[in-house]
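Step one of this worksheet: look at the structure below.
What follows draws every value from the coordinates through simple rules; no lab data is involved. Bear in mind that the values here come from a model prediction, so they are computed numbers and not experimental data. Because the Cβ atoms are built from the backbone with ideal geometry, glycine has one as well, and the counts that use them run over all protein chains shown.
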Amino acid sequence: MSKQLVSSGSKMEGPIGFSRAVRVGPLIAVAGTAAIQPDGSTACPGDAYGQTLYCLSIIQKAVEDAGGSLADIYRTRVMLTDISQWELAAKAHGEFFSEIRPACTFMEVKGFIQADWLVELEADAMVC
């Protein structure tokens, strides 16, 4: 089975040694995705809702670049530095997935690589 690596163009991919997404057969795994703009700055500082939307748009593009669609996503993980912000992240998640309804986990984490990242998401998809 071949492996397809998908890059988002993030400057962090090379030094860390990861791909935004990897497709093996019908499975697509999307790595932890923060609200990083092309210039390396954080999108929507201080806004968990905005950062979640930004992350989900990056995830959608990665899945599409791997040959899938948003509808192929069957699992998401939403990590927040402040779990009291979960409803803002959930609102954004619902805007992408209200009809698709993947399995989803919300969790609080101690922190991320950048202190101004409030949320990071992962996704798994299967192209049928």
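Whole-Hz ³J(HN,Hα) for each residue in segment 84-94, computed from phi via Karplus 6.51 cos²θ - 1.76 cosθ + 1.60 with θ = phi - 60°, x for glycine and proline: what do you get?
3J(HN,Hα) across segment 84-94, in whole Hz: 5, 8, 4, 5, 5, 5, 5, 4, 5, 4, x.
If Lys and Arg each add +1 and Asp and Glu each add -1, what is the summed charge of the other residues whose beta carbon sits under 15 Å from the beta carbon of E95?
Result for the local shell: -1.
Please compute the contact order of the chain in relative form: average sequence separation of alpha-carbon pairs under 8 Å and at least six residues apart, divided by the residue count, as a percent.
32
If you add up the charges near Q85, with Lys and Arg at +1 and Asp and Glu at -1, over every other residue whose beta carbon is less than 13 angstrom from its beta carbon, what do you get?
Combined, the nearby Lys, Arg, Asp and Glu give -4.
What value, in deg cm²/dmol to 500, does the helix sum -39500 (n - 2.57) over DSSP H runs of n ≥ 4 give at 222 nm once divided by the residues of the chain?
Here the helix-only value at 222 nm equals -8000 deg cm²/dmol.
What is the set of long-range amide H partners of A21 at a cut-off below 5 Å, with H atoms built 1.01 Å from backbone N?
The answer is V6, A31.
List the residues whose amide H sits under 5 Å from the amide H of S10, counting only those 5 or more places along or on another chain, with H placed 1.01 Å from N in the peptide plane.
Counting only residues 5 or more places away or on other chains, the set is empty.
Give a residue-ordered list of calculated ³J(HN,Hα) values for segment 35-51 (Karplus: 6.51 cos²θ - 1.76 cosθ + 1.60, θ = phi - 60°; whole Hz; x for Gly, Pro).
Coupling constants for segment 35-51: 7, 9, 7, x, 7, x, 7, 8, 6, 6, x, x, 10, 4, 5, x, 5 Hz.
What size of dipole, in debye to the nearest 20, comes out for segment 3-126 about its Cα centre when the only charges are +1 on Lys and Arg C-beta atoms and -1 on Asp and Glu C-beta atoms?
With only Lys, Arg, Asp and Glu charged at Cβ, the dipole is about 360 debye.
Which net charge results for the neighbourhood of D47, defined as the other residues with beta-carbon distances under 14 angstrom from its beta-carbon, given Lys and Arg at +1 and Asp and Glu at -1?
-2
Give, in whole angstrom and from largest to smallest, the semi-axes √(5λ) of the equivalent ellipsoid of segment 3-126, with λ running over the eigenvalues of the Cα gyration tensor.
21, 18, 12
Using the Karplus curve 6.51 cos²θ - 1.76 cosθ + 1.60 with θ = phi - 60°, work out ³J(HN,Hα) for each residue of segment 10-21 in order, rounded to whole Hz, and write x for Gly and Pro.
4, 5, 7, 4, x, x, 7, x, 9, 10, 4, 8
In whole angstrom, how far apart do the alpha carbon centroids of segment 17-75 and segment 93-119 sit?
Here the two parts' Cα centres lie 11 Å apart.
What residues qualify as long-range amide H neighbours of Y74, i.e. H under 5 Å apart, gap of 5 or more or another chain, H built at 1.01 Å from N?
D124, A125, M126
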